[in-house]
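Engineer: Here's a structure for you.
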Amino acid sequence: MTLTPARDAAARVPDPVPARSPSPGLLRRAACEFGLTALLLLAVVSGVRWLFAPDGYGGGGMAFALLGAGIGVLLGALMLSAPGRWSGGHLNPSVTVALWRLGVFPGREVAPYVVAQLGGSVAGTWAAGLLWGPVVARPPVSHAVVRPGPGWGEGAVVAAEAGVLAGSALLLAGLLGHPVGRRLLPYAVGLVTALVIAVLGPLSGGSANPARQFGPALLSGEAGRLWVYVAGPVLGAVAGAGLCRRAGIRGVRIARPPVRPRQP
């Protein structure tokens, strides 16, 4: 994410570069979120296809660890990419909600970002089906839809998903408050994502991202539990941001990309 100190601190530091053109528009940033989320889901479905299908790795606990490592690295890279820097690299509706509740993302832009992320989820899942063929639609791949493990009811899944996002909101607030932390943010998010998939994947499903489940659930026809993987992360994001506010942890405002000086 491209970030600067809080508004009052930033006001005391003169900008050496004269602003000539407006910041990137909302449509452009939402388009970045759409494309990045589509790439993320394309990678997720592709990973599940080769790690869990009978003609691939064959599944098992190590498959979740491998999938988590790959997706964690990719997520960090997408956040550090140029489109990720333009949009902030949320790629997760619950992260967008958490940043809004932390006071570092404008509320009027939450809905466009969420719509773009969910649309990217459908597009990336659909593209993976085109790339790998009918095997993506058949069990055990089933468009990489997330399912809870044996003994995990809906309440337990909601609690697990909410807990992950509450902790993530605390992590975001802590890192965003310090210059070094802001530079480490993409790597921290990638590491947390890898651990969530590896540890919770065989248990609750390890989604922690409504966009991760949205496209696969729709295209696989298994949308019955979709609400669980939407409600849990969003509730956790709101709760985590609320804890940060109670603890007096302040975020920083999201800055626009730097403007190039006018060429003579």
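The values are calculated or read from the model by the stated rules, or taken from the named source; none is laboratory data. On a predicted model such as this, the values are computed, not experimentally measured, just so you know. Note: ideal-geometry Cβ built from the backbone for every residue, glycine included; neighbour counts use all protein chains shown. Note: accessible area is taken over every heavy atom of the protein model, side chains too, but ligands, DNA and RNA are not part of it. Shrake-Rupley method; radii C 1.70, N 1.55, O 1.52, S 1.80 Å.
Engineer: Can you tell me which residue within region 129-148, out of those that are touching a residue at least 60 places away in the same chain (Cβ under 8 Å) and part of a helix (DSSP H, G or I), is surrounded by the fewest Cβ atoms within 10 Å (Cβ to Cβ)?
Structural biologist: Residue satisfying both the conditions and the ranking: Leu131.
Engineer: Condition test on Val164, is it of a type in the set (Val, Ile, Thr) and in a helix (DSSP H, G or I)?
Structural biologist: Taking the combined requirement at face value, the residue satisfies it.
Engineer: If you check every pair at least six apart or on different chains, which have Cβ atoms under 8 Å apart with a residue in region 25-54 that is without any contact (Cβ under 8 Å) to a residue 24 or more places away in the chain first and a residue that is of a type in the set (Phe, Trp, Tyr) second?
Structural biologist: Listed by first residue and then by second, the contacts come to Trp50/Tyr57; Leu51/Tyr57.
Engineer: Go through region 181-224 and count every residue that is in contact with an Asp or Glu (Cβ under 7 Å, 6 or more places away or on another chain) and of a type outside the set (Ser, Thr, Tyr).
Structural biologist: The number of residues fulfilling the criteria is 1.
Engineer: Continuing with this model, one more query. What's the number of the condition Ala65 fails, among (1) under 23 Å from Ala166 (Cα atoms); (2) modelled with pLDDT of 95 or more; (3) crowded, with 22+ Cβ neighbours inside 10 Å; (4) over 14 Å from the mean Cα position of the chain (by Cα)?
Structural biologist: (3)
Engineer: Taking region 80-101, which residues are within 22 Å of Val230 (Cβ to Cβ) and surrounded by fewer than 24 Cβ atoms within 10 Å (Cβ to Cβ)?
Structural biologist: If the condition is that a residue be within 22 Å of Val230 (Cβ to Cβ) and surrounded by fewer than 24 Cβ atoms within 10 Å (Cβ to Cβ), then Gly88, Trp100, Arg101 are the ones that fit.
Engineer: Next question. Exactly one of these conditions fails for Trp126: (1) open to solvent by 50 Å² or more (accessible area, probe 1.4 Å); (2) under 20 Å from Glu33 (Cα atoms); (3) out of contact with any Leu (no Cβ under 9 Å at 6 or more places or on another chain). Give me its number.
Structural biologist: (3)
Engineer: With respect to Val104, determine if the residue is surrounded by 15 or more Cβ atoms within 10 Å (Cβ to Cβ), within 27 Å of Pro54 (Cα to Cα) and not acidic (Asp, Glu).
Structural biologist: no
Engineer: Could you look through region 149-186, keep only residues that are under 24 Å from Leu218 (Cβ atoms) and without any contact (Cβ under 8 Å) to a residue 24 or more places away in the chain, and pick out the one that is least open to solvent (accessible area, probe 1.4 Å)?
Structural biologist: Gly153
Engineer: May I pose another question? Does at least one position in region 196-204 carry a residue that is under 22 Å from Tyr57 (Cα atoms), touching a Gly at 6+ places or on another chain (Cβ under 8 Å), small (Gly, Ala, Ser) and surrounded by fewer than 16 Cβ atoms within 10 Å (Cβ to Cβ)?
Structural biologist: No - not one qualifying residue is present in region 196-204.
Engineer: If you go through region 205-222 one residue at a time, how many are buried (at least 19 other Cβ atoms within 10 Å of the Cβ) and part of a loop (DSSP other than H, G, I, E, B)?
Structural biologist: Selection size over region 205-222: 5.
Engineer: Kindly provide the set of residues from region 102-116 that are more than 15 Å from Arg28 (Cβ to Cβ) and assigned to a helix (DSSP H, G or I), ordered by number.
Structural biologist: Within region 102-116, Gly107, Arg108, Val110, Ala111, Val114 qualify.
Engineer: Which one of these is closer than 27 Å to Leu219 by Cα, open to solvent by 20 Å² or more (accessible area, probe 1.4 Å) and in contact with a Pro (Cβ under 7 Å, 6 or more places away or on another chain): Val114, Val73?
Structural biologist: Going through Val114, Val73 in turn, the sole match is Val114.
Engineer: Which of the residues that make up region 44-62 are buried (at least 20 other Cβ atoms within 10 Å of the Cβ) and among the hydrophobic types (A, V, I, L, M, F, W, C)?
Structural biologist: Val44, Val45, Val48, Leu51, Phe52
Engineer: Restricting to region 177-195, and then to whatever is farther than 28 Å from Ala63 by Cβ and among the small types (Gly, Ala, Ser), can you tell me which residue is modelled with the highest pLDDT?
Structural biologist: Gly181
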